[in-house]
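The values are calculated or read from the model by the stated rules, or taken from the named source; none is laboratory data. What you see is a predicted model; the values in this text were computed from it and never measured. Heads up, the Cβs are rebuilt from the backbone with ideal geometry, glycines too, and the neighbour counts pull from every protein chain shown. The protein model used for the area step is the full one, side chains on, heavy atoms only, and it has no ligands, DNA or RNA in it. Shrake-Rupley method; radii C 1.70, N 1.55, O 1.52, S 1.80 Å.
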Amino acid sequence: MGRTPFCFPKKGIPKEDILAEMVASQMHDVQWREGKTFSLVYHAGEVVTDLLMSAYLLFFSQNALNPTVFPSLRRFETEVVMMAADLLGGDEKVVGNMTSGGTESCLMAVKTARDWFLSKHPEMQKPEMVLPISAHPAFDKAANYFGVKAIRTPVREDLRADVDAVEKAIRPETVLIVGTAPCYPHGVVDPIVELGQLAHEKKILLHVDACVGGFMLPFVQRLGYPVPDFDFGVPGVTSISADLHKEYDVACYPSSEG
Ligand SMILES: Cc1ncc(COP(=O)(O)O)c(C=O)c1O
């Protein structure tokens with residue numbers, strides 16, 4: 001195309017040339033339509049992809065920054081969060097947001113727990129969270145961004161969270177416990193019921209990172225497979241992150257009176 005890459009173009013480029021160059025660039029990408037691509041592209045078939053692309057184009061220029069100017073976007077977000085909450089055993093008290101991805105959903109859960117805790121205990125200036133070593137690195141990012149020390153605990157032989165180890169790691173500064181359903185490295189669901197009991201007993205919030213399982217486990221269960229309890233139906237669970245994989249993410253929090 002005769003232009004110097006990395007320099008701001010001196011003149012405009014015809015549309016056809018731009019598109020041709022973009023198509024040519026795709027040749028170096030993994031050819032996911034021709035085979036399986038672990039975890040990077042979740043192709044739900046042509047019919048769904050077609051609908052997604054049409055919907056995307058319909059709202060291509062709308063900006064969710066201002067939901068009073070674009071109430072349609074607010075409506076979609078609210079409805080998706082409500083449907084997600086319903087699927088995940090929540091009731092009408094659950095509130096939440098659509099985020100840019102799983103990581104942001106986990107970040108928001110940690111920030112919410114920290115802010116909630118500090119509003120009640122302003123004297124505790126060094127908050128901590130307790131999470132098994134199998135929890136996603138997104139929580140280490142959250143620890144760093146929001147000044148919440150991450151205390152990592154071992155997993156049991158079956159690679160699920162060791163609840164006794166979690167209990168031992170809890171201190172007065174603990175603002176949050178994290179469990180995963182299922183965790184990315186091993187594909188196992190942490191014992192959320194036991195973690196919920198512990199969280200309830202100690203009056204600590206419990207986040208379930210269901211970025212992988214949130215929109216999968218409910219359907220796996222409907223297919224008749226046994227699925228451990230992991231959602232808002234479990235006493236003690238106070239927030240859930242779930243990926244509409246991975247194009248959209250939802251983070252839900254039951255509104256708390258306490
Ligand atoms: C359990 C879990 N939590 C969080 C994330 C982070 O999601 P994202 O890569 O969309 O930021 C992932 C990603 O694979 C995950 O598997």
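If R0 equals 45 Å, the separation of the Cβ atoms of Tyr225 and Ala20 corresponds to a calculated FRET efficiency of about 0.45. A P(r) calculated from all alpha carbon pairs of segment 15-58, with 10 Å bins opening at zero, reads 22, 35, 41, 1 percent. Dipole size of segment 1-118 about its Cα centre, with +1 on Lys/Arg Cβ and -1 on Asp/Glu Cβ: approximately 500 debye, rounded to the nearest 20. Which of these, Ala169, Ala161, Ala84, has the largest mean-square fluctuation under a Gaussian network model of the chain (Cα springs below 10 Å)? Result for the chain, Cα springs under 10 Å: Ala169 fluctuates most.
Between the alpha-carbon centres of segment 195-226 and segment 46-66 there is a gap of 30 Å. Neighbours of Val208 by Cβ distance under 9 Å: Lys/Arg scored +1, Asp/Glu scored -1, total -3. As a length-normalised measure over Cα pairs under 8 Å and 6 or more apart, the relative contact order of segment 1-130 settles at 8 percent.
Going from most exposed to least, what order do Phe8, Phe70 have by accessible area with a 1.4 Å probe? Intermediate results must be reported in sequence, preceding the final value.
Values: Phe8 185, Phe70 55 Å².
Greatest to least solvent exposure: Phe8, Phe70.
Which value, in debye to the nearest 20, gives the size of the charge dipole of the chain about its Cα centre, when Lys and Arg are +1 and Asp and Glu are -1 at the Cβ? Spell out each step's value before the answer.
Values: 24 positive and 33 negative charges, 165 e Å.
Charge dipole, the chain, about its Cα centre: 800 debye, nearest 20.
Straightening the chain between Asn144 and Asp50 buys 29.9 nm, computed as 0.36 nm per residue apart minus the Cα-Cα spacing. The simple spin-label model puts a point 7 Å past each Cα toward its Cβ; for Ile13 and Thr68 those points are separated by 4.1 nm. Looking only at Met27, Met129, Met83, which one moves most when the chain is put into a Gaussian network model with springs between Cα atoms under 10 Å? Checking each option, the largest mean-square fluctuation is seen for Met27.
FRET efficiency for Val80 and His121, Cβ-Cβ distance as r, R0 = 30 Å, nearest 0.05? Once the sixth-power term is evaluated, E becomes 0.35. Computed extension length for Met27-Lys168: 45.5 nm, one decimal, from 0.36 nm per residue of separation with the Cα-Cα distance subtracted.
Here Val41 and Thr4 are evaluated by their C-beta separation; at R0 = 22 Å the FRET efficiency comes out at 0.10.
The alpha carbon convex hull volume per residue for segment 82-206 rounds to 113 Å³. The equivalent ellipsoid that matches the C-alpha gyration tensor of the chain spans semi-axes of 37, 22, 20 angstrom, in descending order.
Skip the ligands, DNA and RNA, and give the accessible area per residue of the chain with a 1.4 Å probe, whole Å².
Numbers: 16130 Å² over 258 residues.
That works out to 63 Å² per residue.
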